[in-house]
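Step one of this worksheet: look at the structure below.
We did not get these values from a lab; they are worked out from the coordinates using the rules stated. Fair warning: this is a prediction, and the values are worked out from it, not measured in the lab. All Cβ positions, glycine included, derive from the backbone under ideal geometry; neighbour counts span all protein chains shown.
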Amino acid sequence: TMARRLDIRANDAALSPERPGGLRRSPVRLGGWVLALWVLLGALVGIRAENRSPEQHFFDQTFGDFREELANARTKGKKGILIMFEMDECPFCHRMKTTVLNRPEVQDFFRANFLIFPLDIEGDVEVTDFHGQVVRQKDLALKQFRVRATPVFAFFDLEGNLIARYTGATKNADEFLWLGEYVATGAYKDRDFARFKQDKLKASAKS
């Protein structure tokens, strides 16, 4: 009958000799997958583009004379000096560099307020400490500041006095920014960092 012929023709139209079995791919569905893939790749590229190298955008360059760097910090109007004590094959150091110290907002805030230098706690390279004494990096770390675990973020005022110290990786970039704010605003003078974080969390909850 005519109705049956129409059904057969409709079924034949759904068959394609280009593919075994005669079934044709849905161009709409394929296009949707391609579009989704491009969106995902674009998002990943955008995230990667936001991050910047800590070596170039977080740490400052130095010849290893920290007494001279104190003078540089005063001249540049900084609040102090930050030393990141680290060592090779330190997973928490790596985590900080790849999830926190590579963030532009972190880099901009810390570079605006501090001179920042890395120091290898196992290093044999000689440096000049804040008092003008020449020592090896590992002796500065262990003998002067008792650094045994890494990372340690040590903040020094413009006279070379240790004013704040944080051991380990922060939870995220926000907590590290709070640590910088804790020192830069002088909050370290009247409360510990745990109390400072509580105050920040309460203020965030109210806003």
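Converting the Cα gyration tensor eigenvalues of region 75-135 into ellipsoid dimensions via √(5λ) gives semi-axes, longest first, of 22, 20, 6 Å. Maximal additional length on extending the THR167-PHE92 stretch stands at 26.0 nm, based on 0.36 nm per residue less the C-alpha distance.
Under a Cβ-Cβ cut-off of 15 Å, what is the net charge of the residues other than ASP88 that fall near it, where Lys and Arg count +1 and Asp and Glu count -1? Write down the numbers at each step before the final one.
Details: positive: ARG95, LYS97, LYS138; negative: GLU55, GLU86, GLU89, ASP120, GLU122, ASP124.
It works out to a net charge of -3.
Based on the alpha-carbon gyration tensor of region 66-185 and its eigenvalue square roots a ≥ b ≥ c, which shape applies: rounded if a/c is under 1.5, prolate if not and a/b is larger than b/c, or oblate?
Numbers: a/c = 1.90, a/b = 1.12, b/c = 1.71.
Verdict is oblate for region 66-185.
Electrostatic tally near THR150: other residues with Cβ closer than 14 Å to its Cβ, Lys and Arg +1, Asp and Glu -1, net +1. Taking label positions 7 Å along the Cα-Cβ direction at both LYS206 and GLU105, the computed distance is 2.1 nm, reported to one decimal. Taking other residues whose beta carbon is less than 13 angstrom from the beta carbon of GLN107, and scoring Lys, Arg as +1 and Asp, Glu as -1, yields -1.
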